Amino acid sequence: MDTILAMPILEMRGITKTFPGVNALDNVNLTVREGEIHAVVGENGAGKSTLMKVLSGVYPHGSYSGEIHYKGEERRFRDISDSEKLGIIIIHQELALVPLLSIAENIFLGNEPARNGVINWAESFARTKALLQKVGLKESPSALITNLGVGKQQLVEIAKALSKEVKLLILDEPTASLNESDSDALLNLLMEFRRQGISSILISHKLNEILKVADSVTILRDGATVDTLDCHKEEVNEDRIIRNMVGRELTDRYPKRDPKIGDPIFEVKNWHVFDAIHADKEKIKGVDFHVRKGEVVGIAGLMGAGRTELAMSIFGRAYGQNISGEVRMHGKPVDVSTIQKAMHNGIAYVTEDRKNYGLVLIDDIKHNVTLANLKGVSSNAVIDDGRELAVASKYRKDLNIRCSSVFQQTVNLSGGNQQKVVLSKWLFTEPEILILDEPTRGIDVGAKYEIYTIINALADSGKGVIVISSEMPELLGISDRIYVMNEGRFVAEMPAKEASQEKIMRAIMKSWED
């Protein structure tokens, strides 16, 4: 379909949405044409998700000002079911699937094929099979969601959208948790939908993916529309998008640092870990590595290589069983058999899943910052409110956490600011070794730069930093030295100055051949 000449399927005009003390959307305009992939980009907190919640009816008509025109008519959605009836389907970053139900049960949940109140399972399974075929999944309709990887779960969500006869598909950070091959499969599926005349709105921080598939790009900044770019009529590149997103030139994505690297402060020797459930399955196979004072060490690898399992097993055996090997700090063996002992010996771990494991979302910033070190704000086992407020205020200032106050709930912060709260929590434990697992996942380029600056400051203060990241350019940009991991082993080690994406991938491929 010629997306340039196609008629608009959606027009959002002058959308304004306020929360107490915050103008989340300010006169935002968005036009999506039939059969196009329209990207919406912006820094965390720019208003992208709020705009999509207005469109889908999560924020009902009357809670915002402005107009929504869909297929030539003004629409006033009272809730999400109103928008779904017209074929507007949103897939959120946190997938809404029930893990212990089957694929078929999830796809038709609340919308089961039934007659006289009795579910027709034969029809349900047959329709599910046809939908799975459309999204390229070969799994049985009876397979449980919990047994599927994140990439396949994402495809189940899309199959669920197709079951509702989707006309406009909204995807919020659909590839944030996917590896490269799963991301490519999903993007190819979006392009196939485009050929079928289905319109898509794609929200993503991965600008390379946007440039690969988008027909148009709308850029939001501070709740307002900055620009809409036509990818077919003008030159659109990452630098131009970033300049509009952040309101300034971001000439260098990675802050410069003059590393002052000292002696090894952290060593792991002959580390073996077996799967948390299957005791006969070895996940980490005799890993050896070290980190020097003032050094940023990157760990590269494909999804499933064992990087998170390695980090969690070192941090108080938070993952795995039958763990063996030795951990040394300053040349002396230390006990890391519990999280408390690992913390006592100067190790901290920032999880890749900040929302489920890193933060208490319903609690405020102040309590989250001090949560891992309550002794630091207590006297005789009683928390000193004044000290706690002072600590939280200090980290708010030092890490530039954008919030109304430290009493703001963390659930209401943008992803980048939530990540800064998690970092604050672990920095307050005063670790010597900080393990960061996907520290910039789901946050924008401006917030990423701030996180990199914090990592540099930690290294400059003499700490050792381990960074696990699926984004190879990120590892190359911030690391001093890189280990490459594949199938539970370290298969290469190289100075970052001598490393490249090709060298890292070659090391992984060679390990398979060996």
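The values are calculated or read from the model by the stated rules, or taken from the named source; none is laboratory data. It should be emphasised that the depicted structure is a prediction, and the values quoted were computed from it without experimental measurement. Cβ sites come from the backbone with ideal geometry, for glycine too, and all protein chains shown count toward neighbours. Areas reflect the complete protein model, heavy atoms only, side chains present, ligands, DNA and RNA absent. Shrake-Rupley method; radii C 1.70, N 1.55, O 1.52, S 1.80 Å.
Beta bridges per DSSP, both residues in the chain: antiparallel share near 60 percent. Spin-label model, LYS497/ASN380: points 7 Å from Cα along the beta carbon direction are separated by 5.7 nm. The Kirkwood hydrodynamic radius of segment 313-429, based on inverse pair distances between different Cα atoms, is 15.3 Å. Protein heavy-atom accessible surface, 1.4 Å probe, per residue over segment 182-328: 44 Å². I need the shape label for segment 1-123. Rule: rounded when a/c is under 1.5, else prolate if a/b > b/c, else oblate, with a, b, c from the alpha carbon gyration tensor. Prolate. Computed extension gain for ASP258 through HIS344, at 0.36 nm per residue and net of the alpha carbon distance, reaches 28.0 nm. What is the Cα centroid distance between segment 7-65 and segment 100-139, reported in whole angstrom? With segment 7-65 and segment 100-139 each reduced to a Cα centre, they are spaced 32 Å. Taking the Cα atoms of the chain, the ratio Rg/Rh between the radius of gyration and the Kirkwood radius comes to 0.98. In segment 386-478 the Cα-Cα distances spread across 10 Å bins starting at 0 as 15, 50, 30, 5, 0 percent of all pairs.
Radius of gyration (Cα atoms) of segment 140-285, expressed as a multiple of 2.2 N^0.38 Å: 1.45.
Per residue, the chain reaches -9500 deg cm²/dmol at 222 nm when only DSSP H runs of four or more residues are counted, each adding -39500 (n - 2.57).
Here segment 266-409 is treated with +1 on each Lys and Arg Cβ and -1 on each Asp and Glu Cβ, and its dipole about the Cα centre works out to around 360 debye. What segment 82-153 shows is 57 Å² of accessible area per residue, with the surface traced by a 1.4 Å probe over protein heavy atoms.
Under the convention that each Lys and Arg Cβ holds +1 and each Asp and Glu Cβ holds -1, the size of the dipole of segment 66-130 around its Cα centre is about 220 debye.
Relative to its Kirkwood radius, the Cα radius of gyration of segment 459-511 gives an Rg/Rh of 0.98. Only protein atoms count toward the accessible area here, which uses a 1.4 Å probe; on segment 167-300, the carbon and sulfur part of that area reaches 42 percent. The listed peptides 400-413, 234-247, 418-431, 346-359, ordered by packing as a protection proxy, come out as 418-431, 346-359, 400-413, 234-247 (highest mean of other Cβ atoms within 10 Å first). As an exercise, take the mean of 1/r over every pair of distinct alpha carbons in segment 257-355, invert it, and state the Kirkwood radius in angstroms. Computed over segment 257-355, the radius equals 14.3 Å. Net length available on complete extension from GLU430 to LEU211 is 74.7 nm, with 0.36 nm assigned per residue and the Cα-Cα distance removed. Across q = 0.15, 0.16, 0.29, 0.31 Å⁻¹, segment 152-195 modelled as identical point scatterers on its alpha-carbon atoms has Debye log10 I(q)/I(0) values of -0.35, -0.40, -1.25, -1.35, in the order of the q list. The modelled label-to-label distance between VAL150 and GLU326, using points 7 Å beyond Cα along the C-beta direction, is 3.5 nm. Heavy-atom accessible surface of segment 419-467, averaged per residue, reaches 22 Å², computed with a 1.4 Å probe.
In units of the rule-of-thumb radius 2.2 N^0.38 Å, segment 307-355 shows an alpha carbon radius of gyration of 1.12. Note on LYS260: lysines with a C-alpha under 27 Å away, same-chain residues under 8 apart excluded, are LYS269, LYS293, LYS332, LYS394, LYS397, LYS420, LYS425, LYS448, LYS463, LYS497, LYS503. Segment 180-257 has equivalent-ellipsoid semi-axes of 25, 17, 11 Å, by the square roots of 5 times the alpha carbon gyration tensor eigenvalues, sorted largest first. Placing +1 on the Cβ of every Lys and Arg and -1 on the Cβ of every Asp and Glu, with nothing else charged, gives segment 100-229 a dipole about its Cα centre of roughly 440 debye.
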